[in-house]
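Beneath this line is the structure, given in structure tokens, with notes to follow.
The values are calculated or read from the model by the stated rules, or taken from the named source; none is laboratory data. Nothing here was measured: the structure is a model prediction, and the numbers come from that model. Don't worry about glycine lacking a Cβ; one is built from the backbone with ideal geometry, like all the others, and counts go over all protein chains shown. These area figures cover heavy atoms from the full protein model, side chains too; ligands, DNA and RNA do not enter into them. Shrake-Rupley method; radii C 1.70, N 1.55, O 1.52, S 1.80 Å.
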Amino acid sequence: MPRTIPFICRWSDSGVGAAWVHVAGELDLATVPQFEAALHAAQIKAWTVVLDLRALAFVDCLGAHAIADAAARARQDGRRLMVVRGASNIDKVLTLTGAAAGLEIFDLEPPAGGLERAQETVWAVA
């Protein structure tokens, strides 16, 4: 049985009106409230928020819509939400739900060591 990474969502102030939100584990019905709270806190503090999905192992439709809704709110407020592309299964859900259409997605290298090191990566920057 594969090791499951616990859900982690932390944000850090990057200065100059920017914040970085790191998400790891599974973004689903049980974890969306925690995700929305962290993302909202980052969006209040910063004009530009980078949402890093590289350590996300799974997202369901509710999680995809939470991401899309946050991007729409950012645009309405004259702010910006940028999304670091996650694994192919995450991309697939964002595309199939239509959430990807309203997102500004870009690529970065995956965390060193893959998902096994993702939790450590997220904790290191939180």
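Distance from a point 7 Å along Cα→Cβ of TRP47 to each backbone N in region 6-21: keep the residues under 15 Å and list them by number. Taking a point 7 Å out along Cα→Cβ of TRP47, the residues of region 6-21 whose backbone N falls under 15 Å are 14-19. Going by accessible surface with a 1.4 Å probe and the largest first, CYS9, CYS61 read CYS61, CYS9. If a paramagnetic tag sat 7 Å from the Cα of ASP107 along the Cα-Cβ line, which residues of region 53-87 would have the backbone N under 12 Å from that point? Taking a point 7 Å out along Cα→Cβ of ASP107, the residues of region 53-87 whose backbone N falls under 12 Å are 85-86.
Give me the accessible area per residue for region 35-94, probe 1.4 Å, as a whole number in Å².
Working: 2650 Å² over 60 residues.
Accessible surface, normalised per residue, equals 44 Å².
Taking the DSSP beta bridges with both ends in region 1-62, the antiparallel portion is around 45 percent. Among the chymotrypsin sites (Phe, Trp or Tyr not before Pro) in region 37-110, those located in a DSSP loop and surrounded by at most 15 other Cβ atoms within 10 Å of their own Cβ are TRP47.
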